[in-house]
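Just below is one structure, and these are the notes that go with it.
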Amino acid sequence: MPVTFPPAHRTHPITLPDGSAHSGTVFLNTVIDHPRFQVGDYTYASDFDPPDDWAGRLAPYLFPFSQETLTIGRFCQIAHGVRFLTSSANHDTRGASTFPFAVFDPDSLPGYQPDTRDTQIGHDVWLGYGALVLPGARIGNGVIVGAGAVVRGSVPDYAVILGNPAQIIRMRYSADQIETLNRIAWWDWSREKIAAAQPLLVAEDIAALAQFDADFGKNPPD
């Protein structure tokens, strides 16, 4: 089966009907060059006002000298207005004042970071329009984050979350199905295998997808 989705190294993966590239959507692995920002293949972000600095737009408080990391998995979908407030945004709240005096002194600025928690986003996560991810959040695989949700803490795999603060409104699949999806980890398959599995990946039959994984390559086509 021919591969119908673009390679991971293409900056603008969407081609419009007139043949032009849609400049407002990028595969982030091609445009992120930041020592504290790690992003997997095929994860894209969209913005109606595409920036020159995608890392700065998405994670404005993540600096090269920050002590935390922001890690986003493969095949994630990031809508316009999504922001990741990483740990460098936090102030020290233990003293009489929360004013960050240290950040105004270039000698003490790099060492001032009362919060160093990493932010981790799993694979195949859809972050809806205007979602806000707070410092230290850990979002599991296959999560759907509703538009405008404010996410903190840990979110289990394949949950659907909405609101402020974000709450789980339902699970997308049963525990056994989620175990199967994490076991087969389709996001790590080759591009050719994913292309062959596309009809199953957009369907609801997890057992059929697992069977495809077990059978793939056993009987190669003539």
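Ordering W189, P114, Y129 by the projection of their Cα atoms onto the charge dipole of the chain, which places +1 on the Cβ of Lys and Arg and -1 on the Cβ of Asp and Glu, puts P114 at the extreme positive end. For region 52-66, 3J(HN,Hα) computed residue by residue from phi via the Karplus equation (6.51, -1.76, 1.60; θ = phi - 60°) reads 6, 10, 5, 5, x, 5, 6, 10, x, 9, 8, 9, x, 9, 4 Hz, glycine and proline entered as x. Mean separation of Cα pairs under 8 Å and 6 or more residues apart, divided by the residue count, gives the chain a relative contact order of 13 percent.
Rounded to the nearest 0.05, the FRET efficiency derived from the C-beta distance between T116 and Q167 at R0 = 30 Å is 0.65. Amide H to amide H distances under 5 Å link C76 with T43, Y44, D124, V125, where only residues 5 or more positions off or on other chains count and H is placed in the peptide plane. For I121, the residues whose amide H sits under 5 Å from its own are T71, I72, G73, I139, ignoring neighbours fewer than 5 places away on the same chain, with H placed 1.01 Å from N. Note on the chain: antiparallel DSSP beta bridges, both residues inside, total approximately 25 percent of the bridges counted.
Roughly speaking, to the nearest percent, how much of region 116-222's 1.4 Å accessible area is carbon and sulfur? Ligands and nucleic acids excluded, carbon and sulfur reach 51 percent. Computed from point charges on the beta carbon alone (+1 for Lys and Arg, -1 for Asp and Glu), the dipole magnitude for region 19-167 about its Cα centre is near 400 Debye.
The values are calculated or read from the model by the stated rules, or taken from the named source; none is laboratory data. Please read all numbers here as calculations on a predicted model, not as lab measurements. A quick note on method: Cβ atoms are made from the backbone with ideal geometry, for glycine too, and the neighbour counts reach across all protein chains shown. To get the accessible areas, we keep the full protein, side chains included, count just its heavy atoms, and leave off ligands, DNA and RNA. Shrake-Rupley method; radii C 1.70, N 1.55, O 1.52, S 1.80 Å.
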